[in-house]
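Trainee: Shown below is the structure under consideration.
The values are calculated or read from the model by the stated rules, or taken from the named source; none is laboratory data. These numbers were taken from a predicted model, which means no experiment stands behind them. Here the Cβ positions follow ideal geometry from the backbone for every residue, glycine too, while neighbour counts run over all protein chains shown.
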């Protein structure tokens, strides 16, 4: 099933940061689309929940040195 999640991601400062986050998350199997915004410190991810799990998003972002947490709007 395709789900939408919004993560709060701190540390992004520019469009280059957004692109890096989007590119890395898009490589995960099951990710349909990614939209990162340094202005709102958020990342919207559409994904197939049978192929990828929330923890994989957090791990991917941690590897880029961007701490993440579940946004209030996704709870």
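Trainee: State whether one or more residues within the range 36-43 are out of contact with any helix residue (DSSP H, G or I) (no Cβ under 7 Å at 6 or more places or on another chain), over 14 Å from residue 74 (Cα atoms), in a strand (DSSP E or B) and at pLDDT 95 or above.
Mentor: no
Trainee: Within the range 48-69, can you find the residues that are in a strand (DSSP E or B), surrounded by 13 or more Cβ atoms within 10 Å (Cβ to Cβ) and under 10 Å from the mean Cα position of the chain (by Cα)?
Mentor: Filtering the range 48-69 down to residues in a strand (DSSP E or B) leaves 48, 68-69.
Narrowing further to those that are surrounded by 13 or more Cβ atoms within 10 Å (Cβ to Cβ): 48, 68.
Answer for the range 48-69, where residues must be in a strand (DSSP E or B), surrounded by 13 or more Cβ atoms within 10 Å (Cβ to Cβ) and under 10 Å from the mean Cα position of the chain (by Cα): just 68.
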